[in-house]
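The values are calculated or read from the model by the stated rules, or taken from the named source; none is laboratory data. Quantities reported herein were computed from a predicted structural model and do not represent experimental measurements. FYI the Cβ positions are ideal-geometry reconstructions off the backbone, even for glycines, and counts take in every protein chain you see. These accessible areas exclude ligands, DNA and RNA; they are computed on the full protein's heavy atoms, side chains included. Shrake-Rupley method; radii C 1.70, N 1.55, O 1.52, S 1.80 Å.
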Amino acid sequence: MSAAHTAPTSPVRYERRGPVAVVTMDRPDYRNAQNSAMTYALDRAFYRAADDDEVKVVVLAGAGKHFSAGHDIGTPERDAHLPFDRKAGLWWDHSDKEGAESRFARESEVYLGMCRRWRGLPKPVIASVQGACVAGGLMLAWVCDLIVASEDAFFADPVVRMGIPGVEYFAHPWVMPPRVAKEFLFTGDRMSAQRAYEVGMVNRVVPRAELSDRTMELAARVAEMPRLGLALTKRAVNQAEDLQGLHTGMDSVFGLHHLAHAHNAETARDSLGGMDIRAMKEAGA
């Protein structure tokens, strides 16, 4: 393998191991909760992998005990109020707006827009998931083409507790059967890695100590295929999902998502229905 090429310190680490780029979320003290700084760092890392002709496959991982606990809704580095250079669309800057005008613009950019961009990366992306993959963490795993999960991994989307119909990148009825998706959302319960494998959401379940090595083995196997063949095959399957309504379905649910935020803002203490980190933990999320 070639020598590692590591980017400067940021919420995301980038390393190339031969034909595989390893992109690692690096906020382990906060269970890799996604603030905007991390989102844009992920975007830069994916662009870097796309631009490198030596990279055939990308692995997305999370440092520490957990893959990702979701959106940052309360760490000291929460930055939802700050402006960032927009990359995923033409919506205006959210930071000097109020209410739905601000929230819809920001989430169109950093959640739905970014995830759609990453799903279209013309190289296979493999998620390497351990521990928590919750709410916004699901979006990151679901844009990946393959998912390798450790035996201790669990998946959950508990935002119905906020009165909100699931995370912004609403792929639930495509990554699992619709009735399983309803139970997943209605209860907010954790789904084990084994159950995720049984319903077809996860490709492989491996021992925690072997997660990195087994993910890299799969990445190396995929990297043996021709680059264009991989890119066209990925596009073919993605197009088939879109013909099954994935793209338009997400758009329609995104509107319901923001209706829920607006309702919360009118009837509760904030757009999250008063559910902060502590309240979500107490509710078992």
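Below, the figures for the structure above:
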item	result
Which numbered condition E224 fails, given (1) among the charged types (D, E, K, R); (2) closer than 13 Å to I126 by Cβ; (3) over 19 Å from the mean Cα position of the chain (by Cα)	(2)
Count of the stretch 190-224 residues which are charged (D, E, K, R), in contact with a strand residue (DSSP E or B) (Cβ under 7 Å, 6 or more places away or on another chain) and either over 18 Å from V129 (Cα atoms) or part of a helix (DSSP H, G or I) (or both)	2
Pairs with Cβ under 9 Å, 6+ apart, first in the stretch 4-26 and of a type in the set (S, T, N, Q), second modelled with pLDDT of 95 or more and open to solvent by 60 Å² or more (accessible area, probe 1.4 Å)	T6/R13; S10/R44; T24/R13
Search result, residues across the stretch 90-112 that are open to solvent by 40 Å² or more (accessible area, probe 1.4 Å) and in a loop (DSSP other than H, G, I, E, B)	L90, W91, W92, S95, D96, K97, E98
Criterion violated by Q244 - all others in (1) free of Cβ contacts under 8 Å to residues at least 60 places away in the same chain; (2) more than 25 Å from V23 (Cα to Cα); (3) open to solvent by 90 Å² or more (accessible area, probe 1.4 Å); (4) not hydroxyl-bearing (S, T, Y) satisfied	(1)
Among (1) closer than 30 Å to E15 by Cα; (2) buried (at least 18 other Cβ atoms within 10 Å of the Cβ), the one test that P158 misses	(1)
Selection count where residues are touching a residue at least 40 places away in the same chain (Cβ under 8 Å), part of a helix (DSSP H, G or I) and open to solvent by 20 Å² or more (accessible area, probe 1.4 Å), scope the stretch 49-68	1
Count of residues meeting criterion [open to solvent by 10 Å² or more (accessible area, probe 1.4 Å), assigned to a helix (DSSP H, G or I) and not charged (D, E, K, R)] in the stretch 114-143	2
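Residue by residue, here is whether (1) at pLDDT 95 or above; (2) of a type in the set (A, V, I, L, M); (3) within 22 Å of V160 (Cβ to Cβ) holds:
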| position | (1), (2), (3) |
| --- | --- |
| S108 | no, no, yes |
| W118 | yes, no, no |
| L121 | yes, yes, no |
| Q130 | yes, no, no |
| G137 | yes, no, yes |
| L140 | yes, yes, yes |
| C144 | yes, no, no |
